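**Student:** Submitted below is the structure of interest, expressed as structure tokens.
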Amino acid sequence: MHRRFSRPPLPPIEWAPAAQNRTLGDDEVHLWCASLDQPATEREFLAETLSPDERERAARFHFEEDQHRFAVGRGVLRMILGAYLNQPANALAFSYGRRGKPSLSSAPGLQFNLAHSAGLALYAITSHREVGVDVEVIRPLSDLKRIAQRFFSSNETAQLLALPEAEHEEAFFNCWTRKEAYLKATGEGITAPLDQFEVSLIPGEPAALLANHANPREVTEWSMFHLRPAPGCVGALAIKSRRVRVQCWQWRPGKAA
Ligand SMILES: CC(C)(COP(=O)(O)OP(=O)(O)OC[C@H]1O[C@@H](n2cnc3c(N)ncnc32)[C@H](O)[C@@H]1OP(=O)(O)O)[C@@H](O)C(=O)NCCC(=O)NCCS
């Protein structure tokens with residue numbers, strides 16, 4: 001039987017307006033959230049910073065909205081990273097891991113990851129440690145139980161299904177985003193089995209990596225954070241560090257350059 005701990009809800013992390021000081025402390029991870037739906041002038045400015053392969057990727061999207069959102073997502077990533085590195089956004093050259101994780105070979109110490117859902121993007125920036133983020137709009141899923149049974153561990157599925165029905169969606173997306181953030185941090189993506197490690201999922205309880213069956217030590221090496229970058233969205237940050245300070249900012253056009 002899975003016991004429900006009653007704890008007060010966690011205080012929301014504040015997403016402050018963009019900081020002027022772009023110094024990344026050794027123990028820090030900086031999170032940025034941005035709207036992918038920018039006015040045309042800003043969108044065009046950001047699209048100008050993209051490399052030829054990114055422009056090709058943008059052009060491959062069927063719908064214009066998706067083309068714009070991809071271009072803005074990459075443009076904002078370039079603006080944010082460029083500000084940390086004191087380099088122009090269009091000068092950055094990304095490399096890709098075996099499963100597609102982007103990195104900067106010219107600045108391998110600056111680690112980052114990004115995620116998007118609908119019109120919202122989330123960026124995590126840190127130094128010298130693996131980091132992953134995910135974000136999802138909390139939405140009804142007709143096959144929620146089937147997906148949980150198929151992909152989550154038996155403990156996670158049991159915890160989820162023991163919750164009142166009204167909490168199922170939030171708990172499901174807590175679990176999903178934490179798992180995905182972890183696998184994005186390692187670079188494996190969701191090609192790796194999702195039931196080989198366990199995360200917390202109960203709404204209001206802290207995000208945590210609870211078990212890794214293949215590598216139990218990981219539990220003592222990683223931290224997870226629950227994120228609420230916008231109403232109706234849930235996000236997760238996974239970082240290979242036990243002592244880390246999280247700072248959250250909203251990216252605004254013209255403020256992050
Ligand atoms: C990484 C992955 C979980 C992303 O899932 P998603 O829900 O569609 O997308 P998210 O919004 O969470 O994240 C997308 C971002 O993750 C980053 N990303 C891509 N692959 C990644 C990986 N293996 N690890 C970490 N981050 C990755 C990219 O920056 C991408 O955004 P962008 O291309 O617009 O810059 C999924 O694509 C995956 O499992 N990929 C690995 C396996 C694969 O299909 N590889 C084929 C390409 S080599």
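The values are calculated or read from the model by the stated rules, or taken from the named source; none is laboratory data. Every value quoted in this text rests on a predicted model; they were computed, and no experiment measured them. Every residue, glycine among them, receives a Cβ derived from its backbone with ideal geometry; neighbour counts consider all protein chains shown.
**Student:** Identify, please: which residue in region 40-83 is closer than 26 Å to CYS233 by Cα, in contact (Cβ under 8 Å) with a residue 40 or more places away in the chain and not aliphatic (A, V, I, L, M) and is, among those, surrounded by the fewest Cβ atoms within 10 Å (Cβ to Cβ)?
**Tutor:** Restricting to residues being closer than 26 Å to CYS233 by Cα, in contact (Cβ under 8 Å) with a residue 40 or more places away in the chain and not aliphatic (A, V, I, L, M), the top hit is GLU42.
**Student:** Could you list, in sequence order, all residues of region 126-152 that are more than 10 Å from the ligand (Cβ to nearest atom), within 25 Å of LEU81 (Cα to Cα) and of a type outside the set (Lys, Arg)?
**Tutor:** Listed by number, the residues that qualify are THR126, SER127, HIS128.
**Student:** If only one of GLU136, GLU170, GLU180 is crowded, with 17+ Cβ neighbours inside 10 Å, touching a residue at least 12 places away in the same chain (Cβ under 8 Å), at negative phi and part of a helix (DSSP H, G or I), which one is it?
**Tutor:** Of GLU136, GLU170, GLU180, the one residue that is crowded, with 17+ Cβ neighbours inside 10 Å, touching a residue at least 12 places away in the same chain (Cβ under 8 Å), at negative phi and part of a helix (DSSP H, G or I) is GLU180.
**Student:** Turning to a different aspect of this structure: Is it the case that LEU237 is modelled with pLDDT of 95 or more and surrounded by fewer than 17 Cβ atoms within 10 Å (Cβ to Cβ)?
**Tutor:** no
**Student:** Do you know which residues across region 190-202 are touching a residue at least 60 places away in the same chain (Cβ under 8 Å) and more than 24 Å from LYS101 (Cβ to Cβ)? Explain how you work it out, then say what you get.
**Tutor:** Of all residues in region 190-202, those touching a residue at least 60 places away in the same chain (Cβ under 8 Å) come to 191, 202.
Scanning region 190-202 gives a single hit, ILE202.
**Student:** Hey, any hits in region 195-206 for a residue that's in a helix (DSSP H, G or I) and either outside the structural domain of GLY232 (by TED's automatic domain parsing) or surrounded by 14 or more Cβ atoms within 10 Å (Cβ to Cβ) (or both)?
**Tutor:** Looking through region 195-206, at least one residue is in a helix (DSSP H, G or I) and either outside the structural domain of GLY232 (by TED's automatic domain parsing) or surrounded by 14 or more Cβ atoms within 10 Å (Cβ to Cβ) (or both).
**Student:** State whether one or more residues within region 211-218 are exposed (fewer than 15 other Cβ atoms within 10 Å of the Cβ), assigned by TED's automatic domain parsing to the domain that holds ASP195 and polar (S, T, N, Q).
**Tutor:** Within region 211-218, one or more residues are exposed (fewer than 15 other Cβ atoms within 10 Å of the Cβ), assigned by TED's automatic domain parsing to the domain that holds ASP195 and polar (S, T, N, Q).
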